[in-house]
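The values are calculated or read from the model by the stated rules, or taken from the named source; none is laboratory data. Quantities reported herein were computed from a predicted structural model and do not represent experimental measurements. Please note: Cβ atoms are built from the backbone with ideal geometry, for glycine as well, and neighbour counts cover all protein chains shown. Note: accessible area is taken over every heavy atom of the protein model, side chains too, but ligands, DNA and RNA are not part of it. Shrake-Rupley method; radii C 1.70, N 1.55, O 1.52, S 1.80 Å.
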Amino acid sequence: MWDDVNNRWRQEKLKALNALLGSSDEMLGIAARPEVSIINDGSISSRSQLDDQQSAYASAVTEYNRLAVQGALRPSLIDRFHDAVRDLHENKAMDLWNMVACMTEIPPQSLGDPLKARATSTVEQTLITQARKFLENRYKVFMRNKVECNLQEARRGGRPGTLPLVICYAKLQQVSVVPGLEEVTVDGQPLWPVVYFCLRSGEPGAALTAASQAGSALEEFVSVLKELEKSPDRRLSTHLEQNLRFHYQRSVRASTDPFKKVVYCALGACDTAEEHTFILKTADDYLWMKLCQIREDNSQQPGSDSITYPHLQSLILEEYGEKHYNASAQPLLYFQMLFLTGQFEAAVEFLSRQDRLRTHAIHIALALSELQLLALPHSIQAPLLSSMPDDRPPLRRLNLARLLMLYVRRFESSDPKEALQYYYFLRNIKTPEGQNLFMLCISDLVMEARNFDLVLGSLSLDGCRIPGLIDSFQGVQADAKQIIELVASEAERKGLLEDAIHLYVLAGNHEKVLTLLTTLLAQVVQQINSPGSVRARLQELAASVSARYEGQHISCSSQTSSAFFTLRDLLVFFDQYNAGEHQLALETISRAKLIPLSMAEMEERVGNFRRLSDEVCRAVPEVLLATMNILYSMYNHIKTGGTSSYPEHMRDSTKEMQLNYLREKARSITTFAGTVPYHMPGDTNSRLVQIEILMN
């Protein structure tokens, strides 16, 4: 008993912890719900708890899952989510999904550990390339917008291409007045700012065109840009990089032109400790520079002080952290820094702690998970963000199950259809006990919202099952009958036996239906019936089950069915007894063949008793007393001259014969009570004997 109490307390404690979404070390409780009966089912609110943004995302999820269940070729979930926020005209959210789309354009992943795949050189280099591509494209858009907003001052004219755009942008930035610039110019603008702006916008070809116009003095640098333009990963050969570093150390480092120094540092991974704050004024600029300076192993390149990818990740997540980036005031900025450095899990976890951005975080996690790019912990009981001993620092794992469940629980009662669609993403996750988390979440939802018929379906009058919401997932790791039985077993475990009976009826589990009904009926069978009582409710349920199973094969043991039908008859017997319908009650108990009403039946009834279930055996003492009271009442009635209540075949017999007839029945009852191998409670035997004595 105390083990059960402790277990319930632990579940309630976990539930309370789960309510604190902001904490990253909270634990997950799967099922801890208020235990109320289905009979007292209240009305469910029809008002949706989803806002416009959540509804748009939910619609995309529903359509995506529909195609998944049908086995059709599924579209990109990222594209679906991007379209959802585009229809809402949320520009920042669209930029967020553009970033996600860009960073997920990596080689297809196997079903192995995403963190191990992400640590391979191929994927790592792809992530770096994609992050640079995103930052460069955004910078180009920024320059174009800047120029378009100042067309008169920029004087771009009709010249297409990146280089004219950069020239106009440099003019707007008034870089020509920056002290220390070299005198080499392109279209009237200093060369090195133009080269930097071209590289910063991802256009080495434009930088090459600009440098080529500077004459023979830059022939060596032009050859560097030519190789850079041809390189698919925007990387120079080791030989050229070493030449750049040598030239940087010999002369460029001492140059007064800050743009020339930035260009050399970006191309040759030189002087990585230099911040270049005069030029790199934004987090985008800083990250772009660091991504340019990353090398797989700086020990292989003499003289290199480049940084590695894990070093950059640690720098942003652990050394700088949220405080450095003022993340509470600029959450999207810090998310970007984490996401563009391949720290998807840490980025999503951070975003999920921001109330107004939590919805985006959930759906980014789902999109990454569907692409096998999200690293999950080995247990759903893990903290929201965790790491394993063999994970490469500073990479983390995100507990998608807990993150999703905490999100959905906010609206699962009001929007069960949408809640099921989200829980479907958990279909491949197992609990520590080996249960399917998707099915367990459905059980939890139904027990909470009390919308059994809506979610699980119902039975029509002809016994056919009317489909519920779960049938939309039928056959895809979601068998409706199995889910219903899981919910039923959960209700049974919590002691909600009436709920469990209704659910087992829906699942067609005859054994469980009759077993639980027998258990409940045994507790109330001898009680006086009254409208609205538990006994009346159970009697109605028993009658309904009997009618439903009539004429069909009952798939259960003979002992189970026998116990149920015996207790059903005893309900009628006690109703008749309490209503004073003694002759009918005597006929009912006689048909039940439970106790002997003559000495000739003794042997058979004693033999049958040994095969009775415990539930029926516990009712026998009250049956014996009630039957004996009936006989005594009939005895007194006859003795005082009454003639209406004894059997028809005895009506013409003498009064003494009628009394002897009743005495024999009484004697068979007392003999039976003393013969059966069952310890009668209290003073049952003595009361029976006393009544028999009164009849002699």
Completion exercise
Selection from region 455-473 of residues more than 15 Å from Ala488 (Cα to Cα), open to solvent by 20 Å² or more (accessible area, probe 1.4 Å) and either touching a residue at least 40 places away in the same chain (Cβ under 8 Å) or β-branched (Val, Ile, Thr) (or both) yields Leu459, Gly463, Arg465, Ile466, Leu469, Ser472
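Considering only residues of region 321-334 that are in contact (Cβ under 8 Å) with a residue 24 or more places away in the chain and part of a helix (DSSP H, G or I), which is least open to solvent (accessible area, probe 1.4 Å)?
Pro331
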Practice task
For Val186, state whether it is surrounded by 15 or more Cβ atoms within 10 Å (Cβ to Cβ) and closer than 19 Å to Lys260 by Cβ.
Solution key: yes
Practice task
Select, from Glu318, Glu275, Glu241, the only residue that is out of contact with any strand residue (DSSP E or B) (no Cβ under 9 Å at 6 or more places or on another chain), in contact (Cβ under 8 Å) with a residue 12 or more places away in the chain and open to solvent by 30 Å² or more (accessible area, probe 1.4 Å).
Solution key: Glu318
Exercise for the section: Look at Arg132 and say whether it is touching a Phe, Trp or Tyr at 6+ places or on another chain (Cβ under 9 Å), part of a helix (DSSP H, G or I), modelled with pLDDT of 95 or more and open to solvent by 30 Å² or more (accessible area, probe 1.4 Å). Expected result: yes
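Mind telling me which of the residues Pro108, Pro75 ends up being open to solvent by less than 50 Å² (accessible area, probe 1.4 Å), of a type outside the set (A, V, I, L, M) and at pLDDT below 95? Even if it seems obvious, please write down each step before you answer.
On the way: Pro108 fails: open to solvent by less than 50 Å² (accessible area, probe 1.4 Å).
After ruling out the rest, the residue left standing is Pro75.
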Problem - Long-range neighbours under 6 Å by Cβ, at least six apart or interchain, first residue under 16 Å from Arg410 (Cα atoms) within region 50-62, second in a helix (DSSP H, G or I) and among the hydroxyl-bearing types (Ser, Thr, Tyr) - result: Gln53/Thr359; Gln54/Thr359
Handout entry: Sole residue being at pLDDT 85 or above, part of a helix (DSSP H, G or I) and over 20 Å from the mean Cα position of the chain (by Cα), chosen from Ala60, Ala93, Ala56, Ala68
Key = Ala93
Problem - Residues located in region 384-399, provided they are among the aliphatic types (A, V, I, L, M) and touching a residue at least 12 places away in the same chain (Cβ under 8 Å) - result: Leu384, Leu385, Leu395, Leu398
Practice task
Could you identify the single residue in Gly508, Gly495, Gly532 that is at positive phi, touching a residue at least 60 places away in the same chain (Cβ under 8 Å) and surrounded by fewer than 20 Cβ atoms within 10 Å (Cβ to Cβ)?
Solution key: Gly495
Problem - Any pair with Cβ under 7 angstrom, 6 or more apart, that starts in region 413-433 at a residue that is more than 30 Å from Arg47 (Cα to Cα) and ends at one that is surrounded by fewer than 16 Cβ atoms within 10 Å (Cβ to Cβ) and at pLDDT 90 or above - result: Pro432/Ser379
Problem - Test: Gln576 is assigned to a helix (DSSP H, G or I) and at pLDDT 95 or above - result: yes
